[in-house]
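Step one of this worksheet: look at the structure below.
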Amino acid sequence: MATKPDLLNTSFFSFKSLKLKTKQQELLLRISILGLVYILAFIARLFSVLRYESMIHEFDPYFNYRTTLFLTEKGFYEFWNWFDSESWYPLGRIIGGTLYPGLMVTAALIYWTLRFLRFFVHIREVCVLTAPFFASNTTLVAYFFGKELWDTGAGLVAAVLIAICPGYISRSVAGSYDNEAVAIFALLLTFYLFVKAVNTGSLAWALASAFGYFYMVSAWGGYVFIINLVPLYVLVLLITGRYSMRLYIAYNCMYILGMLLAMQIRFVGFQHVQSGEHMGAMGVFLLMQVFYFLDWVKYQLNDTKLFQTFLRITVTSAILVGGVAVGVGTASGYISPWTGRFYSLLDPTYAKDHIPIIASVSEHQPTAWSSFMFDYHILLFLFPAGLYFCFKRLTDATIFIVMYGLTSLYFAGVMVRLILVATPAVCLISAIAVSATIKNLTSLLRTKQKVSQTGSTKGAGSSKASSKVNLLVSIFLYSFVYLPPTLNCSKLLWRRRKFNLCLLCPSRLHLISLSLSRRMVPLLFLLVYFICSVDMLFTAHG
């Protein structure tokens, strides 16, 4: 009797051929996690579309939708020179010279791409889903940024945190078609590319960071934060003796090309060479040339005393020339002073005393502690731990994320809306804390395994003690800090549910669904966090 061939044992269907190596298994697991996080970041922002309908929220997003609709119908040239008589009535508004066109151009390119691929959708649907789409893309950038700052585990945790952090979700939900929809993606991308350029010294990464900065300038006025933070970071590296040719290449290419590209935006124009808010970047650029010149002179001169004399003369002359140039430019009116909004960031009482119209805006008010708690939650407690680990392993990259986190968190305390800018830094630094803690836990497990194999206990005491301390700290944070607020929130929501259901108006139904979603977010966070923990444990034992 003839037997049928077993298809599972043939060469084409052999399961043995599907066996992956350790590195391949790690890659597959990480790609799977990133795919889940990408989808989670997208669907978590579709609440309004699924609950009600696809619509544009608020006033500014609807104006942006009108301009995007005009762009897709008339073309870029007509859009760039459009005089909108319905805006700022009865004066009207010159569209090309009074807005940042990055958001509109991005949505229009997505729309034209979909039409080219024969997906016939309305431009409104593209505008509604632009923010969730770029929020998902931000998770990928956060992964690569965290990997560049620390390790792969920190990148995975950073992607998870930024996907579900309320401080970012509030400005990236479906229908929130505002500049921040693409600006946070551009902000984080620019920082990542610049740090990559500093670490590698590659001209390609430096040019890529310049184009990322150009996209940020075209999308949002918050680019001023980049053009001030990056020079401040470079200045700190120069003061701390971390000058290198890698830093020289990265900053010079990013500043020169980024400035030239930013000048192509009509709303920005020549502010990079005429505005006081941009003078710091130019000053650091000139200082970099002085450092390069001094480095060359030090190489040419063999006499140390002669070089010290030349150094004092050069630095003094550079400071005097720079001070005179700034003074003459300011006195002549060529360099414009800082704006009131910029002053109010440095001095929170400035707007209230001098420009009441800025202080009257609700999102310009100082941030309450409750806002920090609702927007960051457990990240408030992980952030200091992450700073500790960054200071423990200081590199050019960790110095940057520490400066980004501290400066943005200060500005977030000055204005409520700037919580959005601080959210990526808080997520990245918190991810470093989680990754470092789990690495210490895995080191404890490996130490126990080695001790059991060799029968020796020498040299394991300190590793055990440090790992146990970190483990206890983690258990305390997650058990005594994270779970009680969640349970208390659930009890309060359960008590209010009857009252809310009695008044079946859309706003109260919105609150009920939002409250239920808030209760699901911790579960999703713990689930994905568990997957990331398994991945880091697998990596450590591999």
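Note down all Cβ pairs under 8 Å where the first residue falls in segment 343-358 and is closer than 15 Å to Phe411 by Cβ, the second is assigned to a loop (DSSP other than H, G, I, E, B), and they're at least six residues apart or on different chains.
Ser344/Ile355; Ser344/Met415; Leu345/Met415; Pro348/Pro366
Answer yes or no as to whether Asp60 is closer than 21 Å to Tyr215 by Cα, surrounded by 13 or more Cβ atoms within 10 Å (Cβ to Cβ) and at pLDDT below 90.
So Asp60 passes the test.
Go through segment 438-452 residue by residue and tally those that are closer than 18 Å to Gly386 by Cα and either in contact with a Gly (Cβ under 7 Å, 6 or more places away or on another chain) or charged (D, E, K, R) (or both).
2
What's the total number of residues in segment 207-246 that are part of a helix (DSSP H, G or I) and closer than 18 Å to Ile399 by Cβ?
17
Taking the conditions exactly as written (surrounded by fewer than 22 Cβ atoms within 10 Å (Cβ to Cβ) and assigned to a helix (DSSP H, G or I)), does Ile249 satisfy them or not?
yes
Just one of Ile358, Ile319, Ile313 is on the phi < 0 side of the Ramachandran plot and surrounded by 15 or more Cβ atoms within 10 Å (Cβ to Cβ); which is it?
Ile358 is the lone residue from the list that is on the phi < 0 side of the Ramachandran plot and surrounded by 15 or more Cβ atoms within 10 Å (Cβ to Cβ).
Looking at Thr190, Thr130, Thr106, Thr113, can you tell me which residue is over 18 Å from Asp375 (Cα atoms), free of Cβ contacts under 8 Å to residues at least 12 places away in the same chain, among the polar types (S, T, N, Q) and in a helix (DSSP H, G or I)?
It is Thr113.
Test Ser332 against the criterion of being loosely packed, with under 15 Cβ neighbours inside 10 Å and either touching a residue at least 12 places away in the same chain (Cβ under 8 Å) or among the hydroxyl-bearing types (Ser, Thr, Tyr) (or both), and give yes or no.
yes
Under the condition of being more than 26 Å from the chain's Cα centre (by Cα), in a helix (DSSP H, G or I) and among the charged types (D, E, K, R), which residue from segment 252-307 is farthest from Val230 (Cα to Cα)?
So the residue we want is Lys305.
So which pairs qualify, if the first residue must be in segment 194-212 and surrounded by fewer than 20 Cβ atoms within 10 Å (Cβ to Cβ), the second must be assigned to a helix (DSSP H, G or I) and of a type in the set (Asp, Glu), the Cβ gap must be under 8 Å, and the two must be at least 6 apart or on different chains?
Asn199/Glu148; Asn199/Asp396
The values are calculated or read from the model by the stated rules, or taken from the named source; none is laboratory data. Here the structure is a predicted model, which means the values were calculated and not measured. Quick reminder, even Gly has a Cβ in these numbers, built from the backbone with ideal geometry, and neighbours come from all protein chains shown.
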